[in-house]
1. In this structure, is residue A:58 within 14 Å of chain B (Cβ to nearest Cβ), hydrophobic (A, V, I, L, M, F, W, C) and in contact with a helix residue (DSSP H, G or I) (Cβ under 8 Å, 6 or more places away or on another chain)?
2. Looking at the range A:94-103, is at least one residue among the hydroxyl-bearing types (Ser, Thr, Tyr) and closer than 30 Å to residue A:470 by Cβ?
3. I'd like to know if the range B:27-47 contains one or more residues that are part of a helix (DSSP H, G or I), within 10 Å of chain A (Cβ to nearest Cβ) and at pLDDT 85 or above.
4. Output the residues belonging to the range A:268-314 that are more than 14 Å from chain B (Cβ to nearest Cβ), touching a Lys or Arg at 6+ places or on another chain (Cβ under 9 Å) and crowded, with 20+ Cβ neighbours inside 10 Å.
5. Quick one: in the range A:343-357, of everything that is at pLDDT 70 or above and surrounded by 15 or more Cβ atoms within 10 Å (Cβ to Cβ), which residue is nearest to residue A:472 (Cα to Cα)?
6. So, in the range A:163-199, how many residues would count as being part of a helix (DSSP H, G or I) and under 18 Å from residue A:232 (Cβ atoms)?
7. I need the full set of residues from the range A:409-428 which are assigned to a helix (DSSP H, G or I) and surrounded by fewer than 12 Cβ atoms within 10 Å (Cβ to Cβ), in order please.
8. Restricting the range B:16-26 to residues that are more than 9 Å from chain A (Cβ to nearest Cβ) and assigned to a loop (DSSP other than H, G, I, E, B), which is modelled with the highest pLDDT?
Amino acid sequence: MPNNKVIVVALDGVALDLVLRWTKEGYLPNIKNLLQTVSYGTINSTNPPISIQAWSTFMTGRGAGETCIFDYVQRDFPEGSFRCPSSNDLKIETIWSKLNKLDKKTGVLFFPLTYPVEKLNGFMISGLLTPSYNCEKVAFPEGILKKYNVDTDLLSRSIDIPAVKNDYRDFLDISMKQLKEKSRIALEMLNSESWDLFMVHFFETDAISHTMWRFMENEGSTKKRNKNDNFNEAILNAYKQCDSFVGEVVNIAKNNQASIIILSDHGEVPVRNTLNINNLLRREGLLNYYKLNSKTMLSRLAEKIASKYKNNNALRLILSFGCNSVNLVYCKLSSQVVKNFIDSFFLKGIKFLPRSLQSLFSPFQHTMIDWKKTQAYSIGCGGGIWINLKGKYPDGIVEGKDYDKIRESIISHFERLKDKEGKPILKKVHRKEGLYKGKYIDCAPDLVIDFEGVHFIYNFFDNSIVSKPVNYVSGNHSHEGVFILKDPRMNNCKKIEKALDLKEVSNIIYYLMGVADVK
Amino acid sequence: MNENDKVPVEIPGRIINKIKKKIENSEFKTIEEYVIFVLRNSLIDDSAKSTLNPDEEEQVKETLKKLGYL
């Protein structure tokens, strides 16, 4: 059994067909060289293939029924509260924790769901779902951000992608700078720190693929669309940056007799349709919202102002005072007719605002659900549908005996959806027991709509059920990711014919490190 | 002392016997592995581990909205 060090390069959303195509065309020379002496193939992702669920599965070697990480928003029961998960919600021991027990040193950089970081035998910087990089809980050991001169302001920046109309230059500029900064930090740490397992995750490849897919002509062609921008080469440029990083990693691995694993959690395919799940549930009378009125929207605006200008007391007080005064006047109005007129005027007006301004008034959907009149709802971004079961959630109304009947009815509504040519829009609606096993299956969505070719939206002010792809998501996740393994002893290239389950990758790491019997 | 240096420590026989029993059928192959694990864990300060506070939660939700996830 080998007793190697291992480097894992985790490239979010990188698609194998694009890697092979651009390798063949000479755009990715380092990966091309690497592919001569590796095993490579396809990763079978989780279902849904969303990053938070997929990387949790990779990090633990267990499915979501055991990790209890299903989506970016989770609902606790019996409390019924909605919240975003943190590292503390992961119910299964991670790769690094197991290896630390065997006295192996681990470096874990930028992986989703690692905030707040834990104190481990090695080093860690948190990734996606980190509130801000300007606090202590993002890195261990203390002082490591300063030691490597980490640009915390750059890593904390995010662009409101849905609000961008057509000019993606700022988004690309920041994403590429973040990708390069993470690469720099990883390479410096690889060279300077002591490690047995080193893992780094790059999220930017996925964000860029989502947004810039529509600019790629013929799905991968790099023919210039407009000489004034390089939008059509945006995804290729992100892959090239990763290729350059891989080139450096290969040299470091040689010096350390280390194995390299390059993997992605899912691939990327074009979006054919956009689906607003909750609008269909509303149409069928399964979901009801409270009436959206001016008071709710102004309260939301006041919250946003308080949050956005929390460091500017004067501006925050003036804007909040203005907002609350208008709200007070509205609430004091005695005539319901006048109130209805203002609400109607407000709602109609908001629909014409750009999305960036709309979102100032839009409450999170779940805060507007009238639970006493709701049997099913969707939340998060993985296409999950939850049944509002009596006894499980506060104000649950669906009796246990009706659970299956409602699920079958929902499946039938969604599977009947057709596009203009009469073709089914959805591949399948899964029942949770068909996807998950483990003690946390009760936390899983009761139904999961298959992701392939669809993007789910939750825009509060949009009444459509199926619509054409939105500008900011023209590419979305496929079930197939990338797996490339370079072991120092390999001297030829082998294609792995059968897709490798994402759950199996941790066992390969243990094998390579000579601890295959780790429990 | 260098980080990778190791030093012998004297442990009473009755504790060693208890450890032997404890690590039977566990992932620990040696007494040394178990002792290092227990010591390391006892030296870790868990106070840094906490769930997201309301401000952090709001920041994370805003980031996810900006990414088009929520």
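The values are calculated or read from the model by the stated rules, or taken from the named source; none is laboratory data. This is a predicted model, so every value here is computed, not measured. Cβ coordinates were reconstructed from backbone atoms using ideal geometry, including for glycine residues, and neighbour counts include every protein chain displayed.
1. Judged against the criteria, residue A:58 is not a match.
2. Taking every residue of the range A:94-103 in turn, none turns out to be among the hydroxyl-bearing types (Ser, Thr, Tyr) and closer than 30 Å to residue A:470 by Cβ.
3. yes
4. A:287, A:294
5. A:350
6. Of the residues in the range A:163-199, 7 are part of a helix (DSSP H, G or I) and under 18 Å from residue A:232 (Cβ atoms).
7. If the condition is that a residue be assigned to a helix (DSSP H, G or I) and surrounded by fewer than 12 Cβ atoms within 10 Å (Cβ to Cβ), then A:412 is the only one that fits.
8. Applying the filter and picking the extreme gives B:24.
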